[in-house]
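Inspection log for the structure reproduced underneath, given as structure tokens.
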Amino acid sequence: MRWPTIILTVLLVVLQYPLWFGKGGWLRVWEVDRQLQEQRELNQKLEQRNAALEAEVRDLKTGLDAVEERARFELGLTKPGEIFVQTPKSSQ
């Protein structure tokens, strides 16, 4: 009676091994699921960035206000007749 129990136990272990540790086993499924979640989070961040860039491009194409604002803040340009005053930042 002892040998059939041992044989069935070994057979059960042999059949369960691929389920847990094989190429398509549960451990691999959990790892791929984790990677998928990380990729979805990255994709969401990139979609938000792309939407912001798209809005900026649309704004730059349609109106001169955005172009003027960028020229003022990024390049330090002024309109004719304007006086540019720069104040030093405090070191505190």
Tell me, please, whether a residue that is in contact with an Asp or Glu (Cβ under 9 Å, 6 or more places away or on another chain), surrounded by 10 or more Cβ atoms within 10 Å (Cβ to Cβ) and outside any loop (DSSP other than H, G, I, E, B) can be found in segment 7-22. no
Can you find a residue in segment 51-58 that is surrounded by fewer than 10 Cβ atoms within 10 Å (Cβ to Cβ) and either basic (Lys, Arg) or in a loop (DSSP other than H, G, I, E, B) (or both)? no
Is there any pair linking a residue in segment 64-90 that is surrounded by 10 or more Cβ atoms within 10 Å (Cβ to Cβ) to one that is modelled with pLDDT of 80 or more and small (Gly, Ala, Ser), with Cβ under 8 Å and at least six apart or on different chains, and which? Leu77/Ala71
Do we have Asp65 as over 27 Å from the mean Cα position of the chain (by Cα) and of a type outside the set (A, V, I, L, M) here? yes
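The values are calculated or read from the model by the stated rules, or taken from the named source; none is laboratory data. On a predicted model such as this, the values are computed, not experimentally measured, just so you know. Glycine also receives a Cβ, built like all others from the backbone with ideal geometry; neighbour counts cover every protein chain displayed.
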